1. What angle, in degrees between 0 and 90 and rounded to the nearest 10, separates the Cα long axis of helix 330-344 from the longest principal axis of the Cα atoms of the chain?
2. Add -39500 (n - 2.57) for each DSSP H run of 4 or more in the chain, then divide by its residues: what number comes out at 222 nm, to the nearest 500 deg cm²/dmol?
3. Please report how far the C-alpha centroid of region 39-92 lies from that of region 193-242, rounded to the nearest whole angstrom.
4. Dipole magnitude of the chain about its Cα centre, charges +1 at Lys/Arg Cβ and -1 at Asp/Glu Cβ only, in debye to the nearest 20?
5. Highest mean first, what order results for 47-60, 200-213 on Cβ atoms within 10 Å?
6. Run the simple label-point estimate for Asp181 and Lys121 please: 7 Å along Cα→C-beta, distance reported in nm.
7. Residues with amide H under 5 Å of Ile221's amide H, sequence separation 5 or more or different chain, H placed in the peptide plane at 1.01 Å from N; which?
8. Per residue of region 251-266, what does 6.51 cos²θ - 1.76 cosθ + 1.60 with θ = phi - 60° give for ³J(HN,Hα)? Whole Hz please, x for Gly and Pro, Karplus curve as stated.
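Bear in mind these aren't lab numbers, they're just calculated from the coordinates by the rules spelled out. Everything quoted here is computed from the prediction, not taken from an experiment. Positions of Cβ are generated from backbone atoms using ideal geometry, with glycine treated the same way; all protein chains shown enter the neighbour counts.
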Amino acid sequence: MDRHEFKRKVIDYAHSIGIDDIGFTHAEPFLEYKAKLIDYLDKGYASGFEKGSVEERTNPKASLPSAKSIIAIAVGYPNKLPDAPKGRKGSRRGMFARASWGMDYHELLNRRLNKLEAYIKSIDPGIETKSMVDTGVLSDREVARRSGLGYIGKNGFVINPELGTYTYLGEMIVSYPFPPDEELIDSCGDCNICVDRCPTGALVGNGQLDSNKCISFLTQIKGWMPDEYRYKIGNRLYGCDTCQQVCPRNKGINTDHHEDIVLEPEILKPELEPLLEISNREFKEKYGHLAGVWRGKKPIQRNAIIALAHFKEESAVDTLKRVAENDPRPVIKGTAYWAIGQIQGSDAAGYIHERYPHEQDAEVKEEMLKGIQETSH
C-alpha cells in the first residue's frame with residue numbers, strides 16, 4: 001500500500017469513529033511558532049498552565065525521536081444549550097463555558113485517538129505513535145493550523161471552514177511519512193469584532209492573548225480574583241465564550257451530532273447558591289465529569305460568590321454569612337464577606353464590623369472592609 005492510499009484509509013476510518021476533520025503535516029520544528037512563543041513568554045502573557053520547554057513545545061521529535069508526521073484531529077462541539085433553565089431573582093444561575101459541555105474533552109478525544117492508533121498499527125505494527133490532547137507539550141492549535149484544519153483567527157482559535165471555532169483539538173505524532181496537507185490561506189481580514197468585544201482587553205492582536213487578563217484563565221486561578229475583574233466575569237463559573245460568540249465565522253454552526261457529548265442543562269447552568277456549601281463528594285458526583293472542574297471546587301465556588309454579588313442577590317446573604325463565618329479557606333471566606341458588602345452596601349456595615357474582630361487572616365479582613373468601602377457597581 002502506498003502512502004496516499006494509507007492516508008485515505010486513515011481519513012475514512014477517522015470519520016467513522018466520530019472525528020469531524022483530520023489533517024496531516026510533517027514533523028519538522030515549528031520555527032515560526034517558536035519565535036512567537038518566545039515573544040509571548042518575554043511579554044509575560046503566559047498563564048502558567050503551559051507545559052514543557054520552548055524546545056519541547058516546538059520540536060515534535062523531542063516527544064518522539066522517530067517522528068515523520070503529525071496527524072491533527074478536530075471534533076466539533078455544541079454551542080447551543082436546548083432547554084436551558086433561566087435564572088431569576090431568588091434563583092440565580094451560573095454558566096460553564098461551551099468547551100466544558102458534556103464529557104471531559106480529554107477523555108472524549110483520547111478515546112478517538114486510541115482507536116486511530118490501534119487502526120494505524122493494525123496496518124503497520126512497526127509504526128510508533130504518541131498522542132496528545134491539550135495537556136501535551138505541542139500546541140494543538142499550531143499543529144491544526146499547519147495540518148490544514150483551519151487558520152488561527154484574531155481570537156486565537158483555529159477557525160475551521162465547516163466547524164468554526166467550536167472544536168476540540170488533538171494530535172498524534174507518528175513515525176510514518178504521511179503526505180502532508182496544505183495550510184489554509186485565509187484570514188480574518190479587517191474584522192476585529194473579537195478584539196473589540198473582549199471584556200478585559202485580553203486579545204492583543206494577531207491571535208495573541210494576554211492570559212493574565214483573559215476571563216477564561218481568571219476563572220481557573222485558585223487565589224483571589226483581582227479586583228478589576230470581579231465585575232467583568234459576570235456569572236461565569238468556568239471559561240468565557242465571548243470571542244467565539246461574536247465571531248462571524250461561527251454563524252449558523254452548531255455541531256450536535258456526537259452521541260457521547262451529552263448536554264445536561266441543570267449541570268451546565270447550575271443554581272449558584274447551592275454551590276456555596278456543596279460537599280466534596282456531591283461536587284465530584286455532580287460535576288466531576290466536566291473539563292471545567294479540573295482545578296477543583298474552590299475556583300467554582302469563588303466565582304459563584306462573585307456572581308451572586310454581580311446579581312446583588314439579597315436572598316443569598318444568609319448563605320453567604322454562613323460561608324463567611326464557617327468556611328476555613330481564606331479566599332472563599334473573604335470573597336463571601338466582600339460579596340455581602342457588595343449586595344447590601346451600607347446596610348452590611350454593622351455585620352462586617354461586628355465580625356471583624358473574630359477574623360484573624362489579614363487578607364480576609366481586607367476583603368471585609370473592601371466590600372463595604374467600594375463604590376457599588
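1. For helix 330-344, the angle is close to 60 degrees.
2. Mean residue ellipticity at 222 nm (helix-derived): -10500 deg cm²/dmol.
3. 15 Å
4. Around 300 debye, computed over the chain.
5. Top of the packing list down: 200-213, 47-60.
6. Result for the modelled spin labels: 2.4 nm.
7. none
8. 4, x, 9, 7, 7, 10, 9, 7, 5, 8, 9, 9, 8, 10, x, 5
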